[in-house]
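None of the figures in this text is laboratory data; all of them are computed from the coordinates on show. Everything numeric here is computed off the predicted structure, so don't read it as measured data. Neighbour counts run over all protein chains shown; Cβ positions are idealised from the backbone, glycine included.
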Amino acid sequence: MPLICFASPKGGVGKTTLAANVACELERAGKEVVALDVDPQNALRLPLGVPLGERLAFTALLQARPDWRRCLRATPSGVGLLAHGPCDLAASIALAAALGAEPELLAGPLRDMLAQPGLYVVADTMPGPSPQLSVMLSLADLVVTVLLVDAGSVSLIPAVESGASYGGTVPARLVYVLNQYDPRTRLGPLIANAVARQLGTRLLGRVYRDEHVAEALAAQKPVADYAPASKAAQDLAHLTVAIVAWLQAASPKAGGVLA
Ligand SMILES: Nc1ncnc2c1ncn2[C@@H]1O[C@H](COP(=O)(O)OP(=O)(O)OP(=O)(O)O)[C@@H](O)[C@H]1O
Ligand SMILES: [Mg+2]
């Protein structure tokens, strides 16, 4: 344990980017980390440096009850990966239906992972409610909702807080991060300050809109390796520290297994 789940009510907000880079930051801090991709886009492997031609899969195979340890792959980033695997529309629909009927297909292996002492599981999910997300939320130690710094994104905070955005579940520990923050815009600071007032310490931070992030993805490297001095690299490091602090504060053994 623990399980850190990145989620959002909207797509394209930076879940995969933040999940991959936080996983890498945790690994750099000496933790054993598994990055788990439950989004059929199968994109979490890219920032972790897995060559496009490599066919890794875990989530897409769940109906065959795979052994997660056999599906786990080392990546150039140093983080272990349980990839989603390629999945066409029919297979995605069938997988969602199977997980809706039998959540244990995912919950079982996930509980087994979380029973591993010292192991951090960082999960990337698809936007909005899904059977996959419901399983993840039921077991997550921390749910990190990623929002863009725009009116459309932050207007969804009440729906996230009520559980409506996530299929009726209100996670026990729900925190937020603002992504693609640009202080030079007129709205950026206004929106960020309003959200900070509303959420208090549950806003873990903001990540600058920084071209190095997209370049790092193109280079298939963590931002901290590609552009260590960049603003985004600093923000991602701060975000990871804030996540660990939340986990420690929430743990009955604060300063124990998570230290
Ligand atoms: N802080 C940032 N600065 C600049 N570009 C960013 C930043 N964060 C993410 N991006 C870029 O935004 C795009 C979307 O990011 P990402 O794929 O992580 O979003 P997502 O929430 O996982 O999307 P989806 O909902 O489709 O899974 C990517 O091209 C990524 O490189
Ligand atoms: Mg994504």
Report Rg (one decimal) and Dmax (nearest whole number) for the chain, counting Cα atoms only, units Å.
17.2, 51
Point-to-point label distance, residue 55-residue 155, nm (Cα→Cβ direction, 7 Å offset):
4.5
Using modelled amide H (1.01 Å from N, peptide plane; none on Pro or chain starts), what sits under 5 Å from the amide H of residue 209, excluding residues fewer than 5 places away?
180, 181, 182
In 5 Å bins starting at zero, report the fraction of Cα pairs in segment 22-162 per bin as a rounded %.
2, 9, 19, 22, 20, 15, 9, 3, 0
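If the limit is 21 Å between Cα atoms, which of 31/231; 10/231; 31/221 go over it? Write down the numbers at each step before the final one.
Numbers: 31/231 24 Å; 10/231 24 Å; 31/221 19 Å.
Check vs 21 Å cut-off fails for 31/231; 10/231.
Roughly how big is segment 3-250's charge dipole about its Cα centre, with Cβ charges of +1 (Lys, Arg) and -1 (Asp, Glu), in debye to the nearest 20? Don't jump to the answer; show the numbers that get you there.
Details: 20 positive and 21 negative charges, 69 e Å.
Around 340 debye, computed over segment 3-250.
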Could you tell me the center-to-center distance, by alpha carbons, between segment 1-15 and segment 137-180 in angstrom?
9
Expressed as a rounded percentage, what relative contact order does segment 68-215 have, with Cα pairs under 8 Å and six or more residues apart?
17
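Using only DSSP helix segments of four residues or longer, with each worth -39500 (n - 2.57), what per-residue ellipticity at 222 nm results for the chain after dividing by its residue count and rounding to 500? All intermediate terms of the calculation are to be shown ahead of the outcome.
Working: 11 runs with 106 residues, N = 259.
Using -39500 (n - 2.57) per qualifying helix, the result is -12000 deg cm²/dmol.
Say a site is exposed when it is one of the trypsin sites (Lys or Arg not before Pro), sits in a DSSP loop, and has at most 13 other Cβ atoms within 10 Å; what is then the longest site-free stretch of the chain?
Numbers: sites that count: 55, 184, 186, 253.
The reported range is 56-183.
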Going residue by residue through segment 141-155, the Karplus relation 6.51 cos²θ - 1.76 cosθ + 1.60 with θ = phi - 60° gives ³J(HN,Hα) values, rounded to whole Hz and with x marking Gly or Pro, of 7, 8, 10, 9, 8, 9, 10, 7, 8, 8, 4, x, 5, 6, 5
